[in-house]
1. Looking only at the stretch 122-134, how many residues end up being crowded, with 17+ Cβ neighbours inside 10 Å and modelled with pLDDT under 85?
2. Counting only residues that are of a type in the set (G, A, S) and surrounded by fewer than 16 Cβ atoms within 10 Å (Cβ to Cβ), which one in the stretch 63-83 is farthest from the chain's Cα centre (by Cα)?
3. So, in the stretch 316-371, exactly how many residues are at positive phi and open to solvent by 30 Å² or more (accessible area, probe 1.4 Å)?
4. Looking at (1) in a loop (DSSP other than H, G, I, E, B); (2) touching a residue at least 12 places away in the same chain (Cβ under 8 Å); (3) within 21 Å of Q208 (Cβ to Cβ), which is the one condition that is false for L275?
5. Can you name the residue in the stretch 308-345 that is small (G, A, S) and over 19 Å from Q10 (Cβ atoms) and is also nearest to the chain's Cα centre (by Cα) among such residues?
6. Do any helices (runs of 4 or more DSSP H) entirely within the stretch 27-127 hold 2 or more residues that are under 27 Å from N352 (Cβ atoms) and acidic (D, E), and if so, which?
7. Looking at F165, is it modelled with pLDDT of 80 or more and surrounded by fewer than 20 Cβ atoms within 10 Å (Cβ to Cβ)?
8. I'm checking my understanding of the structure. Among residues of the stretch 289-301 that are of a type in the set (D, E, K, R) and buried (at least 17 other Cβ atoms within 10 Å of the Cβ), which one is nearest to the chain's Cα centre (by Cα)?
Amino acid sequence: MNKGKTIFVQLMSLFTEYEFSKCVKRYNGDRHAIKFNCRDQFLVMSFAQFTDRSGLRDIETTLDLCSQDLYRSGLKIMPKSTLAEANEKKDWRIYQDFGYILIQKAKKLYEREKLRIDLDEMVGAFDSSTIELCLALCPWATLHHGKGGFKMHTLMDLKGSIPIFIRLTEASIHDSKVMDEIPVVANAYYLMDKGYVKFDSLYKHFHQNHAWFVTRTKDNMLYTLTESREVDTQTGLISDETIQLTGFYTSQKYPGNLRLIVYKDFRDGKVYRFLTNSFSIDAIIVAELYRERWQIEIFFKWIEQHLHIKTFYGTTRNAVYTQIWIAICDYLLLIIAKKQYGLKPSLHTISNSIGQILFKRGDIRDFYNKPDEPVNVPEDDSNGQLTLW
């Protein structure tokens, strides 16, 4: 069925024109567009991400060199001035909304995926990553000490490593201020670092909505012990206790009971103190749940290293946010393609090699599912990225 189509077309066929056009119409994205519309912009930017283009001129030159392959891939040669103008003016929220359409598609594909931990409930990891920018070129992105940047706050569904909520803010915004925007699902587990220990939000936004959180305690937390349970010390557990906060403000912000679990990781000898509102799962499961946070760290590394957002094709907030969201859409298209086409290699392998075969014709499964021939991955990949699968 895909024999005569290019790999690029097969990736872009994972969504329909109708799905994309709804987002464009919502923000009048194609108003005054004559030759190049939002879809053209999305295709060219995706091509640039997959093939690691270093700038606008590099994109234009590469497209010009590949002119004989563009038509059958749905691409157009876009002058760098036209692409720059599109990135500056076409509303970045078009690609944000389209990203959420792809998120729903990915969630449906991976809903039966099993976690390493035997839990049927959704498990999400929430964290942020600061992406630095040149302050002289991007004066809107003030960070500190003369540096520029912004934050990407992300909630990842660990079934399929799908980013289901992303919020871009100024780098100066504290992580905990975004907590109340997290979409909460009853009986789901939310894994957060201790930077998110904001007791009023943990109580009102999570506990009262019947959602479970797992985080780490701060060293200055004041509490009293109300109950202690036996633990199996051979698993690394040191204690499992029910506590109540006693600090003047914290006791008012979180009046309910909390569970404090102390765990020693035998691999590095570190002792961790976990805080949760879930009393129904084993203490060792709480520790193992928190260990799963590594997946969101890999997502941030993947975004930075594979989709090349450190090389920005514009300097305004709209241009930067447009590139970020198109990069996220491309990530989602790859994880959708991996599941929908039944691709066997890891996402790391696919993303490293996809740019080399974008204009090749033939079923994508024939390229990635050959039993005896390894997929060609660039040898100069010295970063040692981990795989998501």
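The values are calculated or read from the model by the stated rules, or taken from the named source; none is laboratory data. On a predicted model such as this, the values are computed, not experimentally measured, just so you know. Every residue, glycine among them, receives a Cβ derived from its backbone with ideal geometry; neighbour counts consider all protein chains shown. Heavy atoms of the whole protein, side chains included, go into the accessibility calculation; ligands, DNA and RNA do not. Shrake-Rupley method; radii C 1.70, N 1.55, O 1.52, S 1.80 Å.
1. Total satisfying the criteria: 2.
2. Filtering the stretch 63-83 for residues that are of a type in the set (G, A, S) and surrounded by fewer than 16 Cβ atoms within 10 Å (Cβ to Cβ), the one farthest from the chain's Cα centre (by Cα) comes out as S67.
3. Within the stretch 316-371, residues that are at positive phi and open to solvent by 30 Å² or more (accessible area, probe 1.4 Å) number 1.
4. With (1) in a loop (DSSP other than H, G, I, E, B); (2) touching a residue at least 12 places away in the same chain (Cβ under 8 Å); (3) within 21 Å of Q208 (Cβ to Cβ) applied to L275, the lone miss is (1).
5. My answer is A327.
6. Correct list: 56-65.
7. So F165 fits the description; yes.
8. Within the stretch 289-301, the match that is nearest to the chain's Cα centre (by Cα) is R293.
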